[in-house]
Amino acid sequence: MRKPLLFVALAIAFACKDKPKENKGDVDSDPMSGMEAEAPETPKSSADEWTTLFDGTSFDGWHMYNGGEVTEPWKLEDGAMVLYPPEERPEGANYNLVTDEEFTDFVLTMDWKIAEGGNSGFFWAVKEDEKYGQPYITGPEIQVLDDERHPDAKNGEDRLAGSLYDIIPPSENVVKPAGEWNSVELMINHKTNEGHVVLNGTKIVEFPVQGPEWEALVANSKFADWEDFAAFKTGKIGLQDHGNVVAFRNIKIKEL
C-alpha cells in the first residue's frame, strides 16, 4: 500500500510546482517589473545634494547688496565673475554681491583669485537692510588677500588669506600667489556648533559658531561693539567689493 501513496504525493508536488502564479491586478509583463516593486530606488537625500550658486554663465541667483541686478563693474569672463572696480566711484557706492537666497547650516565651496596687492573676502549670515551699508556689518568674513603685497597682511595674522577675519588666523600658510586660483571650503553647522575653513585642501581654521566661546572670540575682535555683527544664524552669502580686482568661480553650496 505504500507505493500508491508515494505516487499520489509526487503527483501533487509536481502539479503545485508547475502551477503559474496568480495575477493580482494589472501587472506589467516586463520581467524586471517585479524586482522594481520589491526594491524601489531610495530617493537621494537632500543632505547629499549640492546647489550651484554660480555656474559661470550668468549672475542668476545674485544681486547687488541693497540694490538691483548685477551690472558693471562685475563681468563674466572664462567661467568666472570678475570685479573691476572703477578708479572713481559715486560717493557711497558699493558693488558687493549677495545671494538671493538665505542659508543657515551649509558647506560652501568656491575658487577665488585676487589681483596683485588686492583685498576682498566673502561673508555668511549677511542680513540685507537699508540700515546696513555693507555686508560686513552683519556677516563674518573669510579673508581673500594677496598676503605678499597687501598691507593688511602686516596688521595681524588674523588678517591673512583664509582667516576668519580679525578673529582667527590660519593655522598655516597654504595660499597661492596673487593671480592664481585658490579653492576654499567654508562649513557652518549650528547643529554641531562647528565651523571650519579648508584652503587648497588643508583645514586652516576651526571655530564654534554660537555660544559663549563664539561670543568671547567676537568680544576680542574689532567687532566687539558692533551690535548686529554675527547676530543672525540665517542670512545671505556675500562677495566683497574692497576696491580691488577679484574673481570667483565654481560656487556651490550643500545645506546641512
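The values are calculated or read from the model by the stated rules, or taken from the named source; none is laboratory data. Since the model is a prediction, treat every value here as computed from it, not as a measurement. Cβ sites come from the backbone with ideal geometry, for glycine too, and all protein chains shown count toward neighbours. We work out accessible area using only protein heavy atoms, side chains counted, and drop any ligands, DNA or RNA first. Shrake-Rupley method; radii C 1.70, N 1.55, O 1.52, S 1.80 Å.
Observations on the model:
- Rounded if a/c under 1.5, otherwise prolate or oblate - the stretch 142-184, Cα gyration tensor axes: oblate
- Solvent exposure of the stretch 193-256 as accessible area per residue, Å², 1.4 Å probe: 48
- Of the accessible area of the stretch 64-137, computed with a 1.4 Å probe over protein heavy atoms only, carbon and sulfur atoms account for 41 percent.
- Once the chain from D100 to E194 is taken as fully extended at 0.36 nm per residue, the excess over their C-alpha distance is 31.4 nm.
- Length gained when the stretch E180-E206 is fully extended (0.36 nm per residue, less Cα-Cα span): 6.9 nm
- For the stretch 103-241, size of Cβ-based charge dipole, Lys and Arg +1, Asp and Glu -1, in debye: 180
- Cross-link check: pairs K113/K222; K127/K154; K176/K203 evaluated at a Cα-Cα cut-off of 23 Å; pairs beyond the cut-off: K113/K222; K127/K154.
- The spacing between the stretch 151-210 and the stretch 46-92, judged by their C-alpha centroids, is 22 Å.
- Taking GluC sites (Glu not before Pro) across the stretch 109-171, the ones in a DSSP loop with at most 10 further Cβ atoms lying within 10 angstrom of their Cβ are E130.
- In this simple spin-label model, placing a label point 7 Å from the Cα along the Cα-to-Cβ direction at both K252 and D60 gives a separation of 1.8 nm.
- Multiplying the residue separation of T52 and T71 by 0.36 nm and subtracting their alpha-carbon distance yields 4.8 nm.
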